[in-house]
Amino acid sequence: MAADLDYPMPPPQLSKGRPASMPVPVQRPLTGAIPMSVQAPPHTGQLAAVAPRSGSTPVLWPTVAVQGLRMFYRTPSTDTSSGRRAKLRRTVLNALGQEPKVTVRALTDISFVANSGEQIGIVGQNGSGKSTLLRIIAGLEKPTKGQVLAESTPVLIGVNAALVPDLPGEENVRLGCLAMGLSPAEAQAAIPDVIELAGLGKSIYLPMRTYSSGMAARLRFAIATAARPHILLIDEALATGDAAFKERSEVRMERLRKEAGTVFLVSHAAQTIEESCTRAIWLHHGRLVLDGEAQDVAVRYRKWAWAHAKDKPDDAKRILEEAFAERRETEVRFDTPEPAKGPVRERHARPRGRDAKQAKTRAARIAALQTEAGDL
Amino acid sequence: MSSGPETGSYTALFDASPTTTKLVTLGNLSRVGARPPLGQYVRLLWARRHFLWADARAKVTSGTRQSLLGQAWLVLDPLINGAVYFVVFGLLMKGGRGIENFIGYLLIGVFLFQFTTASINGGARSVQTGKNLIRAFTFPRAALPISVVLRNLLNLGPTLVTLAALIYFIAPVEEYTWRLALVPAALALQVMFTTGLALLVARWAAALPDVANLIRMSMRIWLYASAVFFSFDTLLEDRPDIQRVLETNPMFIVLDIVRDCVLYATTPDPMRWVWLGGWAVGMLLIGFITFWQAEESYGR
């Protein structure tokens with residue numbers, strides 16, 4: 001079930017001879033994508049050969065590969081219930097004004113592959129590692145073990161993007177756009193759009209420190225959408241703001257999702273995931289419970305959450321164990337690509353040299369025509 | 001259903017194993033958050049120059065926005081500073097023993113050293129204070145300490161204007177020569193050196209926050225070792241060996257060159273330029289590469 005998803009099976013003769021000689025070239029220097037770019041790289045075509053079963057999407061290729069992810073934190077704890085032997089150490093640490101540290105296992109051995117065109121919901125109770133997973137995928141935190149590979153830099157739309165509190169909202173929009181790597185011209189072009197989405201009225205000219213938390217969150221969300229990322233990570237962004245903003249942001253989200261290659265969505269509302277995702281991942285205490293079709297996973301999670309909330313631990317445990325039993329563990333391996341044969345010019349590749357010049361003049365001509373049309 | 005060696009991603013099921021192996025072709029994928037090669041890192045940093053500039057300018061203006069006089073403080077601050085030193089050292093202590101035009105000597109030392117102090121202290125804390133930015137955006141982290149230096153450089157502008165005015169009115173120089181044109185070169189080398197050192201200490205302080213405290217103290221010691229308030233020539237007359245060691249101190253060289261050019265109409269010793277150039281280029285390279293090496297560890 002879950003594991004099959006939309007991936008076609010390899011022909012039997014291939015999988016028979018393969019397992020023993022599977023290449024495992026993991027630590028090879030990785031090249032290909034433009035680092036720190038949020039836009040999709042020019043696609044090389046050789047990867048896009050998988051036709052999905054349904055036939056709805058033309059091609060599927062992996063955009064994010066998560067391999068054996070593990071995240072442990074060492075953090076101070078005031079819990080004194082553990083071992084006697086630690087007593088001496090605690091005394092020493094107390095003298096330094098420090099607290100004893102414990103290891104928190106935020107994520108344990110998470111592996112999966114996300115494909116272009118997929119919208120993946122991540123469900124789980126508070127503290128199950130959902131946000132940590134997103135932050136690691138976005139490259140904002142380094143995992144203790146394992147790695148994440150992606151086609152372009154994923155952009156996390158969360159509620160903790162930092163802005164300068166003393167600057168007016170308008171300036172912060174510009175700064176945020178530049179921080180995401182937009183050029184000044186692109187940032188200038190994006191500003192009206194961002195301000196409109198944020199919908200803060202005259203408050204956009206006031207310093208950020210005068211904003212309410214809801215207003216600030218709206219502005220951050222609006223800024224993050226300006227980059228039009230290819231891989232989009234959304235951390236409950238839709239939960240911020242009032243009803244009017246929610247409506248607007250949902251429209252924008254829809255547009256972003258359509259433009260994006262792959263979307264990850266963290267939400268407590270299993271219904272949101274059911275409605276807007278094609279696939280879902282259920283995390284429980286940092287472990288992957290189930291990875292499968294959104295409908296199926298979301299329904300199971302809802303049942304579990306209901307049993308958990310109604311204080312029926314036996315039912316909750318049964319649902320969780322069933323899901324665990326059905327889970328098929330994923331192992332991700334990387335294959336080195338065939339070296340390109342000769343200087344083949346890809347159709348979507350970026351033009352260079354003379355071609356680049358021609359493309360530039362062409363783009364300028366088109367832009368001029370468009371402004372002319374706009375003037376009329 | 002298609003398949004074959006060109007297949008991008010497929011599922012291979014092993015006999016009775018509950019494990020699914022997904023083979024992913026590396027073609028377009030690269031590790032998220034990976035440290036790019038040095039050349040690419042520099043290019044990425046260059047691509048963010050607009051952000052660096054906007055960020056530095058925003059912080060310079062926002063730092064004074066809450067005060068009544070606002071940006072006037074950018075000039076008032078060094079002006080008051082200079083006045084205090086003038087009163088203490090010029091009027092109360094009747095100048096430095098044996099130093100010609102002591103007020104000018106002192107002002108140049110204090111103002112130029114202040115830039116380096118502020119940049120190094122700020123640079124050491126830059127990863128810590130930029131944590132929110134690190135957790136929100138992907139960018140070459142070297143932008144943080146460099147942004148601090150840039151911010152202090154923007155602050156240095158008004159300071160230099162004040163310095164020039166103070167020297168012109170309070171500590172007049174007999175003649176202004178062509179050597180004034182050498183001052184920007186010395187300052188450029190000072191900025192290069194400071195940037196390199198800021199990057200270096202930023203890595204140390206990011207690994208161990210306690211370092212930032214030590215650096216504050218080291219800057220104090222360095223201040224005394226750079227002949228800001230006194231002259232090595234008079235103080236260490238009988239210890240030429242120590243004097244020779246102290247004269248390789250890059251900050252001393254900067255101050256010495258600028259004083260020679262502005263106050264004493266003397267052409268600075270070419271060896272001074274060689275030493276300073278070496279310090280500036282060497283420190284910038286060492287600092288940048290050291291910072292780049294730990295790129296993946298910042299803000300964790």
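The values are calculated or read from the model by the stated rules, or taken from the named source; none is laboratory data. A quick note: this is a predicted structure, and the numbers were derived from the prediction, not measured. Heads up, the Cβs are rebuilt from the backbone with ideal geometry, glycines too, and the neighbour counts pull from every protein chain shown.
Observations, loosely collected:
- Selection count where residues are touching a Gly at 6+ places or on another chain (Cβ under 7 Å) and within 14 Å of chain A (Cβ to nearest Cβ), scope the stretch B:262-300: 1
- Residues in the stretch B:240-259 that are out of contact with any Phe, Trp or Tyr (no Cβ under 9 Å at 6 or more places or on another chain) and either of a type in the set (S, T, N, Q) or over 20 Å from residue B:100 (Cα atoms) (or both): B:240, B:241, B:244, B:245.
- Any hit, the stretch A:274-295, residues being polar (S, T, N, Q) and surrounded by 24 or more Cβ atoms within 10 Å (Cβ to Cβ): no
- Of residues in the stretch B:60-78 being surrounded by fewer than 19 Cβ atoms within 10 Å (Cβ to Cβ) and touching a helix residue (DSSP H, G or I) at 6+ places or on another chain (Cβ under 7 Å), the one nearest to residue B:163 (Cα to Cα): B:75
- Matching residues, the stretch A:312-351, being at pLDDT 75 or above, surrounded by fewer than 17 Cβ atoms within 10 Å (Cβ to Cβ) and under 12 Å from residue A:290 (Cβ atoms): A:321, A:322, A:324, A:325, A:326
- Listed by position, the helices (runs of 4 or more DSSP H) inside the stretch B:24-131 whose residues that are more than 10 Å from every other protein chain (Cβ to nearest Cβ) and among the basic types (Lys, Arg) number at least 2 form an empty set.
- Scanning the stretch A:180-205 for residues being more than 12 Å from chain B (Cβ to nearest Cβ) and of a type outside the set (Val, Ile, Thr) gives a total of 13.
- Per-region count, the stretch A:82-124, residues modelled with pLDDT of 85 or more, away from every other protein chain (no Cβ under 14 Å) and out of contact with any Phe, Trp or Tyr (no Cβ under 7 Å at 6 or more places or on another chain): 4
- Strands (runs of 3 or more DSSP E) completely within the stretch A:103-219 that count 2 or more residues being farther than 26 Å from residue B:141 by Cα, free of Cβ contacts under 8 Å to residues at least 40 places away in the same chain and not β-branched (Val, Ile, Thr): none
- Taken over the stretch B:155-188, residues that are of a type in the set (D, E, K, R) and surrounded by fewer than 14 Cβ atoms within 10 Å (Cβ to Cβ) amount to 2.
- Residue list for the stretch A:290-321, restricted to those being free of Cβ contacts under 8 Å to residues at least 60 places away in the same chain and either under 20 Å from residue A:134 (Cβ atoms) or touching a helix residue (DSSP H, G or I) at 6+ places or on another chain (Cβ under 7 Å) (or both): A:295, A:300, A:302, A:303, A:304, A:307, A:315, A:316, A:319, A:320
- From B:226, B:231, residue being among the hydroxyl-bearing types (Ser, Thr, Tyr), at pLDDT below 85 and surrounded by 16 or more Cβ atoms within 10 Å (Cβ to Cβ): B:231
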